1. When you have a sec, figure out the Kirkwood radius of the stretch 137-227 from all distinct Cα pair distances and drop it here in Å to one decimal?
2. Could you tell me which GluC sites (Glu not before Pro) in the stretch 135-236 are loop residues by DSSP with no more than 12 other beta carbons within 10 angstrom of their beta carbon?
3. Residue-wise, which Karplus ³J(HN,Hα) couplings in Hz belong to the stretch 198-208, taking 6.51 cos²θ - 1.76 cosθ + 1.60, θ = phi - 60°, and x for glycine or proline?
4. Once both axes come from the Cα atoms, what is the angle between helix 2-15 and the longest principal axis of the chain, in degrees from 0 to 90, rounded to 10?
5. Roughly how tilted is helix 209-220, in degrees to the nearest 10 and between 0 and 90, from the longest Cα axis of the chain?
6. Just to be sure I understand: of the beta bridges DSSP finds with both ends in the chain, what percent are antiparallel, rounded to 5?
7. With point charges of +1 on the Cβ of Lys and Arg and -1 on the Cβ of Asp and Glu, referenced to the Cα centre of the chain, which listed residue (27, 201, 167) lies farthest in the positive direction of the dipole?
8. Amide H to amide H under 5 Å from residue 99: which residues, 5+ apart in sequence or cross-chain, H placed 1.01 Å off N in plane?
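The values are calculated or read from the model by the stated rules, or taken from the named source; none is laboratory data. Every value quoted in this text rests on a predicted model; they were computed, and no experiment measured them. Cβ placement follows ideal geometry from the backbone for every residue including glycine, while neighbour counts extend to all protein chains displayed. All accessible areas refer to the heavy atoms of the entire protein, side chains included, with ligands and DNA or RNA removed. Shrake-Rupley method; radii C 1.70, N 1.55, O 1.52, S 1.80 Å.
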Amino acid sequence: MASFYGFLKRVYTATHPPTCELSTSSTPIKFGILGAANIAPTALIVPARSHPEVIIYAVAARSLDKAKTFSGKYGIEKVYGGPNAYQELLDDPEVEAVYNPLPNGLHYEWTMKALDAGKHVLLEKPSADTAAETREMFELAEKKGLVLLEAFHYRFHPAVQRAKAILDSGELGAIKSVEATLTVPRGILKDDDIRFDYSLGGGGLMDMGCYTINCLRYLTSSNPTSVLSATPDLVPSKTDSPSLVDAGTTATLAFPSDITGTLTCHLCKPPTLRVIPKLPKT
Ligand SMILES: NC(=O)C1=CN([C@@H]2O[C@H](COP(=O)(O)OP(=O)(O)OC[C@H]3O[C@@H](n4cnc5c(N)ncnc54)[C@H](OP(=O)(O)O)[C@@H]3O)[C@@H](O)[C@H]2O)C=CC1
Ligand SMILES: O=C1OC[C@@H](O)[C@H](O)[C@H]1O
């Protein structure tokens, strides 16, 4: 009972973190946000309130009204709105770091522009549509001495780090197989969500699947060598052309040392009560 109470308390504190005074001893890093995205308050604006070393200084949105409403709601000082708003934010010399929560298909373009403008970037996952684009972004950041970080928050969770430490210690013996599952229950995402739009880098594997692939690679400390099987559940097409995006995918990948990794991801999974990790079949 005490641990359940502790769990509720941790969830509450995570969503309602304490606020703090701005640091007087150092100058906080000024962040600008590209797009008034749904995820921005949860991922950055609210958590930043308990970090005196960071200030959310500016937001840019394609509509000035939307940008103003957003900045008013979250107390953001500087507002950019209209078709050139993103570039205007990047041109603002006060902005030192940029948060890029644009649709996946725009990550590469605006991260390259932000790096070109000399800004550090916190980039939403998945970093880009292709490995080549991702490499280019990280190479540019390195060349310019800027920080570019993909927002895989799960990598900072103590539970994941503990699981990794146990596996790395060898106390369970050699890894034989790893499973990673991440799904969104049906009915949460609307049909017009960016996640279902191929032209914006949508798809279940791109959205939830990027976590599961990342997790398999992280826990096995290796990269897959081949795809043993992959079964997409395609979003029904609204036209005569075949659907280009998956709502979800299940795949098994081969890793070095005869390890297999199985991933399951889905954006509209029928409701399930399974939230507790299950033990592997022996
Ligand atoms: N790390 C995490 O836990 C999470 C990460 N994400 C990632 O964050 C990103 C954004 O997700 P989410 O906040 O849910 O998405 P939203 O649809 O809420 O936000 C996307 C933003 O992109 C801007 N945009 C620019 N061009 C377009 C376009 N052509 N069509 C649609 N939007 C456009 C919009 O900004 P404007 O205001 O200028 O109109 C909009 O606010 C995704 O990459 C997603 O994978 C999402 C949720 C959780
Ligand atoms: O963490 C997340 O949860 C819900 C997803 O759709 C989102 O894009 C993802 O990053």
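1. On the way: mean 1/r = 0.0627 Å⁻¹.
That comes to 15.9 Å for the stretch 137-227.
2. Working: sites: 136, 139, 142, 150, 171, 179; in loops: 171.
The qualifying sites are 171.
3. Working through the residues one at a time gives 4, 5, 9, x, x, x, x, 5, 5, 7, 7 Hz.
4. 40 degrees
5. It works out to around 60 degrees.
6. On the way: 16 of 44 bridges.
If we restrict to bridges inside the chain, about 35 percent are antiparallel.
7. The residue sitting farthest along the positive end of the dipole is 167.
8. Long-range HN contacts for residue 99: 32, 33, 34, 122.
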